[in-house]
Structures are given as structure tokens and as C-alpha cells.
Amino acid sequence: MKQALILAKHATTHDDVPIGAVIVRDGKIIARGENQVQQKMNPTLHAEIVAINRACKKMGHKFLDDCDIYVSLEPCAMCATAISFARIRNVYFAAPDIKGGGITSNARIYETDKHLWKPTVTQIPEYAEESAQLLRDFFAKRRKPNN
């Protein structure tokens, strides 16, 4: 999770929302991602999607069923669905996303019987405040005049 938070901080250097993700296999990070929506002007380039794309390329496979993903913020519905489609086995996140979360807060996409792949989901609360503070600081800075 510490690596995901480092990536989240880095995302702010290109004016992206501070969210980072890492994918782990056999205890080793195989892919990293940070939000690149603003940097690449693409609304689908959330940290989780970037990390999944990199992991699939590295593994040479579309399924990551022996991998786990660590994300600094609860994934949105788009990312939660991508995680499911990639068959990632475990999702770990730091802070819940009350407004846009797709797992525990809003869409709760894994709660439907029709969802084909349901990863195990775990919040890691000891990193929640650090992640939430990154987001609060980022949005407070954006709301200031002349920004």
C-alpha cells in the first residue's frame, strides 16, 4: 500500500487526482499505475486500469487470477469491473470513496449474483487517513483562485 500511496502523490505532479495502484504476484510488484486522466486526456486511465494494462502486458495474459491489487482509494465502478474482468483475486484499498466508490460505497458491483468474478475485498484502514488527506489537499488546492 505504501507504493500505491507514493504513486498517488506522483499523480499530482501532472495535475491528476492522487490515486495509485500496484499489482502484486507472489509477493512482488509486477505492475504500477497512477491516474493519468489529465496527463493523457483520457477518462479511462485510472490508476487501476493503467496497472492492469501493464500487468497483462508483462504476464502475456488477460487474466491475473494469481494477483492482488492494492489501491490508495476504493475503486470506482469502472475499475472494479475491470478488476473483475482481469480476474484479480484480492482487492486491497486504503480509503473508502463515499461518492464514487464501486465496491463498498455506491455501486457495490460485486454484490450482484450475476457478477462472474468476485475478488475478495479488504480495506486497509491504517492507510485510509493518509490517502484521504492527499485527496483533500489536492481538491483544496484546485478550488483556490488562480488554479
Item to complete: List the pair-distance distribution P(r) of region 35-111, using every Cα-Cα distance, as the percent of pairs falling in each 5 Å bin from 0 up to the bin containing the longest distance, rounded to whole percents.
Response: 3, 16, 27, 26, 18, 8, 1
Discussion item. How far apart, in nanometres, would the label points at ARG87 and LYS57 be if each is projected 7 angstrom from Cα along the Cα-to-Cβ direction?
Written reply: 2.2
Practice prompt. With only Lys, Arg, Asp and Glu charged, each at its Cβ (+1 for the first two, -1 for the last two), find how big the charge dipole of region 8-64 is about the Cα centre; round to the nearest 20 debye.
Written response: 320
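For the chain, build the convex hull from the C-alpha positions and give me its volume per residue in Å³. All intermediate terms of the calculation are to be shown ahead of the outcome.
Numbers: hull volume 15.0 nm³, N = 147.
So the per-residue hull volume is 102 Å³.
Could you check what % of the DSSP bridge pairs in the chain are antiparallel, to the nearest 5?
Bridges in the chain that DSSP calls antiparallel: roughly 55 percent.
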Worksheet item: Whose amide H sits under 5 Å from the amide H of ALA31, counting only residues 5 or more places off or on another chain, with H placed in the peptide plane?
Response: ILE23
Worksheet entry | the chain - mean residue ellipticity at 222 nm from DSSP helices (-39,500 (n - 2.57) per run, n ≥ 4, rounded to 500) | -10500 deg cm²/dmol
Worksheet, complete the sentence: Result: in the chain the number of Lys pairs with C-alpha under 19 Å apart, spaced 8 or more or on different chains, is 7
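Read-outs: derived from the displayed coordinates by stated rules, not from any lab. The structure presented is a predicted model; accordingly, all values stated were derived computationally and were not measured. So basically every Cβ, Gly included, is an ideal-geometry build from the backbone, and we count neighbours across all protein chains shown.
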